[in-house]
Amino acid sequence: MIALAPRNALAWMLIAQLVVLLPQLLRFPWWISAVCFFCGLWRVLIFQQRAAYPGWPIKGFLVLVSLVCLVVQWGSMLSLEPWVGLLLLMFSLKLLEMQRSGDVYQVILLGYFVALTHFLYDQSFSGSSYTFACVTMLTASLVGCQQVRADLRPWLPLRKAISLILQAVPLMLVLFVLFPRLAPLWSIPQQHSMTVTGISDRMTMGSISELTQSSELAFRATFQASLPNSQFLYWRGLVLTEFDGKTWQRPPFQPKNRLSRPGRSQPDWLSERQALSEPIAYQIMMEPSQQQWLFTLPMVMPAVSSKIGLSRDQHLVSFEPIRSRFRFDAVSVLSFRTDTGLADSQQERYLTLPVDGNPLSRRFAARLKASRSSNQAVAQAVLDYFREEQFYYTLRPDRLEGEVVDQFLFGSRRGFCGHFAGSFAFLMRAAGIPARVVVGYQGGEYNPIGNYIEVRQFDAHAWSEIWLQGRGWVRIDPTAAVAPERIEMGLQAAMQEEGSFLENIPVSWLKMRGFAWLTELRFQISAWAHYWNSFVVGYDPVMQINLLSRIWEDIQPQDLAHITIVAFIGIIVLLAIIMLRSTNSRRSSQMSILFNRFAALFAQLGYARAIDEAPLDYCKRLMSQRPELAEAIQDFSSSYMTRCYGNDMSISVDALDRKINGLKMRLLSPML
Amino acid sequence: MDVDIRQNLQNTLDTLNSIVLGKPREIKLALTAVLGGGHLLIEDLPGMGKTTLAQAMSKVLGLSHQRIQFTSDVLPSDVLGVTVFSQIDGEFSFHQGPIFCNLLLADEINRTTPKSQSALLEAMEEGSVTTEGVTRELPDPFFVIATQNPNHQTGTYPLPESQLDRFLLRVQLGYPDSASERILLESGNRRNLIASCDAVLDGEKVKALQHEVSLLRVSEELLDYLQRLAEFTRQSEALRYGLSPRGVMAVLSAAKAWAYIAGRDYVIPEDIQAIFSSATDHRLRDQSGKTMSTHLSIGEWIVTQVDVIN
């Protein structure tokens with residue numbers, strides 16, 4: 001290495017290696033970082049000639065230990081992480097045997113692979129930009145290896161690399177737009193690090209509180225027409241019907257409640273839905289949650305996509321867990337009736353409670369039922385109870401044990417949406433009114449720049465639905481009775497006094513709404529990320545064909561290969577021409593262009609200028625060969641010589657131009 | 001441009017042409033070297049009129065001139081001067097050598113040893129002479145007109161490239177045409193004519209002319225062309241090495257002087273082409289024999305290879 005590649009190439013290489021490894025080191029266990037830094041340090045000591053290259057026993061030992069550590073860390077080699085870890089380790093260990101120039105190239109080329117693994121973890125705009133910078137740095141170190149010892153300019157490799165990368169950008173764009181899209185490569189490997197996020201399918205009193213402390217993005221919704229009012233923004237995710245005294249859960253599957261799938265025969269329950277207003281269309285871009293449920297506004301129409309079904313409980317379900325960012329179109333009707341004729345057997349399911357437990361609540365429900373005339377009045381009475389008694393909406397509820405509903409309703413009276421929705425549904429069932437709990441998100445922040453609603457994990461919410469004769473399922477949000485500002489203005493406004501909004505995150509953009517410009521900036525960044533996710537990361541085969549069919553009508557996927565090849569060759573030829581022009585011929589001056597026009601005129605008549613024929617000599621020859629034009633040629637040549645070589649600016653370029661045009665006229669019409 | 005001084009220039013040319021017959025181009029080149037402020041090397045076989053041209057020039061230019069006939073035993077002190085002990089004054093005094101003049105005629109420069117050659121050539125470059133720790137300025141203007149026999153002749157010490165580079169132009173006289181030769185045969189020795197003719201210029205006038213030449217206008221296009229020529233000599237595989245920056249500057253000074261003699265106050269590509277071969281042939285080496293096959297000198301061949309208009 002030292003003998004073959006210049007020393008500042010090594011510097012560039014170590015920097016590039018550090019830059020490439022850094023994001024991965026932050027994601028991986030600490031001991032991998034330790035190995036990388038150990039190897040880097042050793043390599044620097046070799047560079048300073050204070051250490052020698054390790055012998056094969058040491059190298060063998062290091063490799064063996066690394067492999068053992070990998071297996072111990074992840075248990076098996078069957079997931080993605082250990083393999084990426086292996087790549088990182090080998091990339092670092094290779095430093096210790098980098099003796100010949102061939103080894104240097106190996107390390108650098110391995111570096112490109114490591115850079116590629118960034119995309120397995122981060123496909124955001126900033127992450128992609130970083131990877132792009134990594135590739136530039138690696139290219140710079142490749143350039144550095146080619147430097148001549150006599151001409152070591154430290155910044156030259158970077159400049160060269162940037163110009164190389166810039167030349168590659170058009171090719172990259174062509175490949176990106178045109179190259180036939182295969183199945184998504186990144187979602188194939190199972191990743192350990194991907195944990196389930198978002199709403200879970202069971203609600204114990206208090207489980208949503210962890211979500212309310214997370215500012216992670218859940219999804220973005222873009223509406224085609226105007227936005228619905230914020231009180232309609234109930235993003236339904238799951239319906240929980242089974243209560244065991246503590247936890248609400250999903251219903252067990254029943255064949256007659258099967259999903260409505262596109263392209264299959266429609267289940268019976270679908271016909272019991274009634275739309276009472278115009279449908280609104282929107283698109284949801286959902287972040288990976290590793291779960292199957294999707295979030296839509298009620299009442300959602302059956303989806304068109306073959307990957308999505310509509311459940312009996314009126315929410316959309318994906319057939320695969322959402323492992324990567326998922327985009328789907330949905331249509332909802334905000335005013336509706338469902339299940340107006342709910343069968344008795346079904347009603348029974350929504351009335352089921354544990355045999356005993358929470359006696360105070362049951363008694364309270366029975367009392368209300370006896371004193372009120374209608375089911376609706378009973379529901380209203382419970383809401384009034386929530387509103388009038390000392391109930392508090394808080395993100396720091398007391399810990400409840402045992403008879404949780406009783407304790408909450410008649411003891412602590414402090415809780416958040418889950419407590420209110422859960423106990424409300426309990427009271428309803430106890431009073432003989434079919435009721436269920438719905439979990440999802442409520443509200444979201446409108447981004448005026450990207451024109452979408454951004455829903456974060458802290459917007460997670462739970463509410464209830466009760467079934468009323470003649471009206472079907474009706475949404476009742478008991479939280480709205482206790483803390484109406486939670487529904488109208490969001491969690492942050494509701495928690496203003498308590499100060500518990502994102503209290504575990506000391507510094508967050510979202511807490512700084514007081515600064516208008518910060519909010520503006522946050523919207524900008526969010527909108528940009530959304531565009532990136534929609535059009536770059538989300539550029540799938542469908543989008544590709546849609547885009548290209550705007551240019552070529554009825555394009556077929558198999559045409560893509562041909563177009564790609566043609567465009568690719570076209571760009572390479574274009575770049576080659578630009579490069580040849582810039583190196584071989586200097587830019588012609590205005591005067592040269594003028595004289596070449598003049599010479600071209602006579603070249604047509606067979607009096608081409610020899611390349612070594614200077615202007616005056618050439619004009620003299622023309623004058624002797626075309627005596628009838630001698631005067632005009634003389635006129636041009638003397639003006640041209642005075643302007644061009646005598647720097648006489650009183651002769652304008654236009655004047656010379658006119659003289660050439662005059663000659664042209666005379667040559668074209670020999671009669672004159 | 002001063003009409004008097006123009007007239008003087010024309011008279012100079014006329015006088016020289018009347019002495020050296022049938023060589024108007026070579027005489028113009030010789031004068032170009034003087035006006036361009038450089039030294040002139042005249043190279044040809046013995047008896048072609050080298051010395052006649054050199055002597056005629058020194059006479060017509062009206063400059064104080066000296067002549068050194070170089071032989072293999074000429075020592076540097078024979079050129080530069082020597083310090084001798086004067087018995088009358090009782091102290092050492094410097095006796096100036098022949099180099100202390102306006103115009104030095106260095107005949108057959110390649111017949112002397114490298115030691116004496118370099119004594120002269122260093123003085124040519126510096127314009128001063130340093131002996132025994134004392135630097136003495138040479139008169140201004142100072143020119144050397146050197147003659148040399150072709151290197152393949154016996155008894156020659158070829159000048160190294162570094163020293164050839166000091167000459168602005170190299171002129172080859174060649175055989176006279178038959179008409180000129182007839183006149184030569186009829187009228188007898190030209191040396192008598194030199195003795196009888198008058199000086200047209202003098203030191204001040206030469207300096208004034210040189211100043212005028214340096215003021216000539218040079219356009220961007222012309223410099224582009226010159227740089228293309230230089231670039232070609234450096235890129236071409238036919239040449240062993242390219243033109244040095246000093247060589248390029250020499251071409252430009254010579255072209256300016258040539259343009260001045262032609263009566264123009266700006267330089268055109270034809271000027272460069274006219275002097276290019278004389279200014280570069282002695283600075284470049286052909287390594288492929290490409291120019292040989294074209295019967296052109298290296299400089300002439302280069303001119304045919306480079307586009308005048310870009």
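Numerical summary
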quantity	calculated
Given (1) within 22 Å of B:A56 (Cβ to Cβ); (2) under 19 Å from the mean Cα position of the chain (by Cα); (3) buried (at least 20 other Cβ atoms within 10 Å of the Cβ), index of the condition B:K207 fails	(3)
Candidates A:Q314, A:Q283, filtered to the one that is touching a Ser or Thr at 6+ places or on another chain (Cβ under 8 Å), touching a residue at least 40 places away in the same chain (Cβ under 8 Å), surrounded by 20 or more Cβ atoms within 10 Å (Cβ to Cβ) and assigned by TED's automatic domain parsing to the domain that holds A:A425	A:Q314
A:Q290, sole failed condition from (1) over 28 Å from A:V537 (Cβ atoms); (2) under 31 Å from the mean Cα position of the chain (by Cα)	(1)
Qualifying residue in region B:231-241 (condition: of a type in the set (F, W, Y) and within 14 Å of chain A (Cβ to nearest Cβ))	yes
Which listed residue, of B:A262, B:A274, is farther than 22 Å from A:I611 by Cβ, hydrophobic (A, V, I, L, M, F, W, C), within 14 Å of chain A (Cβ to nearest Cβ) and surrounded by fewer than 24 Cβ atoms within 10 Å (Cβ to Cβ)	B:A262
Helices (runs of 4 or more DSSP H) (entirely within region A:489-567) containing at least 2 residues that are of a type in the set (D, E, K, R), closer than 29 Å to A:Y282 by Cβ and at pLDDT 80 or above	A:516-531
Any hit, region A:625-637, residues being among the aromatic types (F, W, Y), surrounded by 17 or more Cβ atoms within 10 Å (Cβ to Cβ) and within 11 Å of chain B (Cβ to nearest Cβ)	no
Leading residue by the ranking (farthest from A:D559 (Cα to Cα)) among those in region A:162-193 that are among the polar types (S, T, N, Q) and at pLDDT below 85	A:S193
Members of region A:78-120 found to be surrounded by 18 or more Cβ atoms within 10 Å (Cβ to Cβ) and not in a helix (DSSP H, G or I), listed by number	A:M98
Pairs with Cβ under 8 Å, 6+ apart, first in region B:209-230 and within 9 Å of chain A (Cβ to nearest Cβ) and without any contact (Cβ under 8 Å) to a residue 60 or more places away in the chain, second assigned to a helix (DSSP H, G or I) and basic (K, R)	B:V218/B:K256
Failed item in (1) closer than 22 Å to A:R621 by Cα; (2) modelled with pLDDT under 90, with B:A259 passing the rest	(2)
Residue within region A:599-606 that is polar (S, T, N, Q), outside any helix (DSSP H, G or I), outside the structural domain of A:Q167 (by TED's automatic domain parsing) and within 60 Å of the chain's Cα centre (by Cα) present	no
Matching residues in region A:225-250 - criterion: being in contact with an Asp or Glu (Cβ under 6 Å, 6 or more places away or on another chain) and surrounded by fewer than 20 Cβ atoms within 10 Å (Cβ to Cβ)	A:Q249, A:R250
Matching residues in region A:638-654 - criterion: being touching a residue at least 12 places away in the same chain (Cβ under 8 Å) and exposed (fewer than 14 other Cβ atoms within 10 Å of the Cβ)	A:V653
In region A:317-357, the residues that are at pLDDT below 85, surrounded by 18 or more Cβ atoms within 10 Å (Cβ to Cβ) and of a type in the set (S, T, Y)	A:T338
Residue identified as more than 30 Å from A:Q496 (Cβ to Cβ), among the acidic types (D, E) and free of Cβ contacts under 8 Å to residues at least 24 places away in the same chain among A:D406, A:D398, A:D356, A:D339	A:D356
Residue satisfying all of: in region B:215-243; out of contact with any Lys or Arg (no Cβ under 7 Å at 6 or more places or on another chain) and small (G, A, S); farthest from B:D271 (Cα to Cα) among these	B:S236
Those residues of region A:362-397 which are small (G, A, S) and crowded, with 20+ Cβ neighbours inside 10 Å, in sequence order	A:A365, A:A379
Residue in region A:29-47 that is under 30 Å from the mean Cα position of the chain (by Cα), assigned by TED's automatic domain parsing to the domain that holds A:V114 and of a type in the set (A, V, I, L, M) present	yes
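Conditions (1) surrounded by 12 or more Cβ atoms within 10 Å (Cβ to Cβ); (2) among the polar types (S, T, N, Q); (3) in contact with a helix residue (DSSP H, G or I) (Cβ under 7 Å, 6 or more places away or on another chain), marked per residue:
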site: B:S72; (1), (2), (3): no, yes, yes
site: B:S77; (1), (2), (3): yes, yes, no
site: B:L80; (1), (2), (3): yes, no, yes
site: B:T83; (1), (2), (3): yes, yes, no
site: B:S93; (1), (2), (3): no, yes, no
site: B:F100; (1), (2), (3): yes, no, no
site: B:P114; (1), (2), (3): yes, no, no
site: B:T130; (1), (2), (3): yes, yes, no
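The values are calculated or read from the model by the stated rules, or taken from the named source; none is laboratory data. All of these numbers come straight from a predicted model, not from anything done at the bench. Here the Cβ is made from the backbone with ideal geometry for all residues, glycine too, and neighbour counts use every protein chain on show.
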